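Right, one structure below, let's go through it.
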Amino acid sequence: MRISFVRKLSQAFFLLLFLFLFIQTQSKGFDTLGYPVRVFLDFDPLILVSTFLAGHAVPKAMLLALATIVLTALLGRVFCGWICPLGTLNNMVGAVPSRHRALPAGLYRLKYYLLLVLLAGSIFGLQLSGIFDPISIVIRSFTVNLYPVFNRVIMAVLGAADALGGSGFTDQFSESLRNGVLAFNPPHYLQSVFIGLIFLGILLANLIQKRFWCRYLCPLGALLGLLGRFSLLGVKVSEGCTSCGTCTEHCQADATTDNGQGRRPSECLVCFDCDDPCPSRAVDFGRFSERRPLDLTRRGLITSLSSGILLVPFLRLSPPISNPLLIRPPGALSESEFLKRCVKCGECMKVCITNGLQPTVLEAGLEGIWTPRLVPRIGYCEFNCTLCGQVCPTGAIVRLTRVEKVKVVIGLATIDKSRCLPHSQAMACIACQEVCPTSPKAVWLEEAEVKNRDGMAVRLNQPHIDLQRCIGCGICEKVCPVSDRPAVYVTSLGESRSPDNQL
């Protein structure tokens, strides 16, 4: 059996495992999860290193990334070539027949410069690795774009089948899908198209050059490449090489040098695509006898490190004023610590059972792009749900028990009396009081006599907010019948995680 075929089996296995765990990372009616897809992030050395440098702390589960480091030190970049789901997807798209373009030699150095920018920023508390980390990219893109699209396509097909007269079958089939691969309520996200286009661009870049992202931009690949330079074993070339260039033609990365006679261990993905096509059987697997330098320029090193350092004050020029729309999930660390740890993977958004957690744009500044915030008008924070803390890989959202969670304040509700129906229109409405989950309720009613437009006296109950009991869950804002801008709304004021953002 050819080793390249075994590698393809490994890629298929880990991609299917990723998809399975991704689908399982959602509520099944219980407040516990089995094995969420965060396990792929736990094995990610880039997230381990950047979280340690930025937040000076590492969750125990992330120590699994040491296994990836050891594997790379032994065999080279096998994680990139055999395991990484984004690498596999790039491999699949790159296999589509196309006229790959020859790009400038040495372009592979870009990913090392990007890695230095990210790590230099991390040393000073700037966590941007999650924007470029391949595992975070896949989870975020699947969560915000691909999974919602998948849900809508399946439901549209079932709707069409139902319209053609198969209602009994489609109802049963739809129910079984909802218990399996579909979300109970099809999710939707504010930046779905934008994030989806970025992911599409990464995949389509393979038509320019196969595994474009892995070759030139992936910072995780750069980190593993640095370790792979010193691996004990790897692909090497024997003296029988005739410099025919066949291996260079089939190489998935920029691993070949001297027309096939040399190898860059830092770039080799150990894919063995160069083994079988070699006419002289000169490609083998064994101990490296040659260690080629990365050949990074001094100017590039200085520019990368200084850029990473200068990014820190540049991205923090905004005045330190709390954004009232920035409602973080319960268990989130203080904002500065939260930004140091959050890797923008989107897992907390994936498990939010009301779809209330949405990716930020600029609500938290450029530093906090794609971090989660609660948008109550889309979905409230379920009173008894603690799933977001269970899936957070870096501890940016602390795992809470139900008893702890219901005591955490993420914001406070306010009633706009000029829009509230009982206060301004003499119309009866107690929707916010009915759904308030706290005990005693944070929304209390005051019986009052008001006059309508005709001057007639009307007795009704007017709602008020008890700020000592409100936790900012947002369910009152969600159900408020004033459709455009609700009469009751939640802001981040009073959040437990901030001693300054208080009334």
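FYI, it's all coordinate maths here, none of it is from the lab. From a predicted model like this one, the values you see are computed outputs, not experimental measurements. Don't worry about glycine lacking a Cβ; one is built from the backbone with ideal geometry, like all the others, and counts go over all protein chains shown.
Worth pointing out:
- Rounded to the nearest 20 debye, the dipole magnitude of the stretch 339-442 is 160 debye, with +1 charges on Lys and Arg beta carbons, -1 on Asp and Glu beta carbons, and the Cα centre as origin.
- Dipole magnitude of the stretch 409-503, debye to nearest 20 (Cβ charges: Lys/Arg +1, Asp/Glu -1, about Cα centre): 100
- The P(r) of the chain has a tail past 30 Å containing 55 percent of all C-alpha pairs.
- For peptides 422-429, 378-385, sequence by mean Cβ density within 10 Å, most packed first: 378-385, 422-429
- Residue (of 431, 467, 445) at the positive-pole extreme of the stretch 409-503, dipole from beta-carbon charges: 431
- With K and R counted +1 and D and E -1, the other residues having a Cβ less than 11 Å from that of residue 386 yield a net charge of 0.
- Between helix 110-123 and the chain there is an angle of about 50 degrees, using the helix long axis and the longest principal axis of the Cα atoms.
- Close amide-amide hydrogen proximity is noted between residue 231 and no other residue 5 or more places distant or on a separate chain, at a cut-off under 5 Å (H modeled in the peptide plane; Pro and chain starts excluded).
- In degrees, nearest ten, helix 65-75 long axis to first principal axis of the chain (Cα): 10
- Total formal charge among the other residues, if their Cβ is under 9 angstrom from that of residue 284, Lys/Arg +1 and Asp/Glu -1: +1
- Sorted largest first, extent of the stretch 429-495 alpha carbons per principal axis (Å): 42, 28, 19
- With the helix formula -39500 (n - 2.57) applied to DSSP H stretches of n ≥ 4, the chain reaches a computed 222 nm mean residue ellipticity of -11500 deg cm²/dmol.
- Net charge, residue 487 excluded, C-beta distance under 13 Å - Lys, Arg +1, Asp, Glu -1: +2
- For the chain, size of Cβ-based charge dipole, Lys and Arg +1, Asp and Glu -1, in debye: 960
- Cα-based helix-to-principal-axis angle, 85-94 vs the chain, degrees rounded to 10: 60
- Dimensionless Rg/Rh of the stretch 2-69 - Kirkwood Rh, Rg from C-alpha atoms: 1.08
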